[in-house]
1. Is it fair to say Pro210 is closer than 20 Å to Ala71 by Cβ and crowded, with 16+ Cβ neighbours inside 10 Å?
2. What number of residues within the range 19-50 are aromatic (Phe, Trp, Tyr) and either under 28 Å from Val148 (Cβ atoms) or surrounded by 12 or more Cβ atoms within 10 Å (Cβ to Cβ) (or both)?
3. Determine whether Arg237 is modelled with pLDDT of 95 or more and basic (Lys, Arg).
4. Quick one: would you say Gly15 is assigned to a loop (DSSP other than H, G, I, E, B), in contact (Cβ under 8 Å) with a residue 40 or more places away in the chain and surrounded by fewer than 17 Cβ atoms within 10 Å (Cβ to Cβ)?
5. Would you check if Leu32 is out of contact with any Lys or Arg (no Cβ under 8 Å at 6 or more places or on another chain), assigned to a loop (DSSP other than H, G, I, E, B) and not assigned by TED's automatic domain parsing to the domain that holds Phe272?
6. Would you say Gly94 is closer than 21 Å to Asp268 by Cα, of a type in the set (Gly, Ala, Ser) and surrounded by fewer than 24 Cβ atoms within 10 Å (Cβ to Cβ)?
7. Inside the range 184-213, can you point out the residues that are in a strand (DSSP E or B) and either touching a residue at least 40 places away in the same chain (Cβ under 8 Å) or aliphatic (A, V, I, L, M) (or both)?
8. Taking Gly253, is it modelled with pLDDT of 90 or more and at positive phi?
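The values are calculated or read from the model by the stated rules, or taken from the named source; none is laboratory data. Note that this is a predicted model, so its numbers are computed, not measured. Neighbour counts run over all protein chains shown; Cβ positions are idealised from the backbone, glycine included.
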Amino acid sequence: MGGFAERVAAIWYEGSPVPWWLSMLQPVYRGLRALHLAPYRIGLRHAARIAVPVIVVGNITAGGSGKTPLAIALVDALRQRGWRPGVISRGHGGTELGPLLLDDLPDPARVGDEPCLIRRRTGVAVAVGRDRARAAALLLERGVNVVVADDGLQNPSFARDIEICVIDGQRRFGNGRLLPAGPLREPLERLAGVPFRVCNGGVAQPGEIPMRLLGDVAVPVERTATTRPLESFAGQRVHAVAAIGNPERFFLGLRAHGIEVIAHPFADHHAFVSSDLAFADDLPVLMTEKDAVKCVAFASARFWCVPVRAELPASFLDAVASLLVAAPRT
C-alpha cells in the first residue's frame, strides 16, 4: 500500500491529527448518506423482499473486518442444521455488473475475490450483482431456502431478516469519526439496531459475540495435494502477502507461529499480477486464501496460502437458526 494509505491509517487508527480538509468532508459524506436513505425513509422507495429469509453480514467501518470467514462459517452451520443456503455478493474488485451465478471455476477479475473464495470453500450456489434482489433470484432457482449476503449492511434497497455486524477486535472503530475523517461508514448508534455484533479477535465487549480466525496449515496455491503445517515455517523468513482490509492481522498470525515475516501489504481487493510477487530470492511466499484465488495462474511451487476458519460459539449459530425459523415469508 502506498504512503497515502499509510497516512490515512495513522489518522483513523493511530491517533494522528485529522487534517482540516478531511474534517470538512465529513459532513459532506453525512449529507450524501442522508440523501441516499431519504427515499426509503419517507416511503418513496421500498426495499426489495424475496421469498426466503435473508442474513446480511457486514460492518460499519471501511475495509475488511472478517465478514467473509463469518459468511462461510454461517453457510456451514446452516447446512448442518438442515438449511439450503446460498450466498450473494456485490462482487467488489470484479468487473461483472450481474446478476451472474458463479460456475465451478469463476474468474476473480470478473466476479471479485471473495465470491470466488466462498464458492470454492463451500460449494454452495453463489451469485454476484449490483442488484442484490436480482442476484438472489438466481439462487432461488437453484433451490436455496436462505440467502447469506456477504456485505450490504449499508444497502437500503434489499430487505433482510437478520443483520450481523462484524467488528475488528484489534482496531475497533478507530477515531470514531465518519468517512473520510475516520473509518465509520455509519454512526456508532447504528449498532443499537443490529441484533448480532461479532467481535473478530481482540477482546469482545459486553453484548458482542467473540470470533477467532484459526489458520494452522499452508496449502499450495498451485492446488497440488501436498499441504504442510503452518508451524513448519517457524524460524524461517518468508514473504507475507496480504491484500485485505487489515493486512497486519495476517502478518501477526504468521508471527504467532514463529515465522519471520517480510510484510507486503497491498490495498484491499488488489488485482495481482506476476510482477507484484517477483521477489529477488527463493524464499517461500505466504498469502491469504482470498489473495490466492487471484494468483493461481502464475503461482509457483513456493507460493502457499493460509486458509482460515472462523471459530464461533454454538449458541450464536443456534440463535441465528432459530430466528430464521421465525422469519416471515412473502
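1. Yes; evaluated as a whole, the condition is true for this residue.
2. Qualifying residue count for the region: 2.
3. yes
4. For Gly15, the condition - assigned to a loop (DSSP other than H, G, I, E, B), in contact (Cβ under 8 Å) with a residue 40 or more places away in the chain and surrounded by fewer than 17 Cβ atoms within 10 Å (Cβ to Cβ) - is met.
5. So Leu32 does not fit the description; no.
6. no
7. Those that are in a strand (DSSP E or B) and either touching a residue at least 40 places away in the same chain (Cβ under 8 Å) or aliphatic (A, V, I, L, M) (or both): Leu184, Phe196, Val198, Asn200, Glu208, Ile209, Pro210, Met211, Arg212, Leu213.
8. Criteria not met by Gly253.
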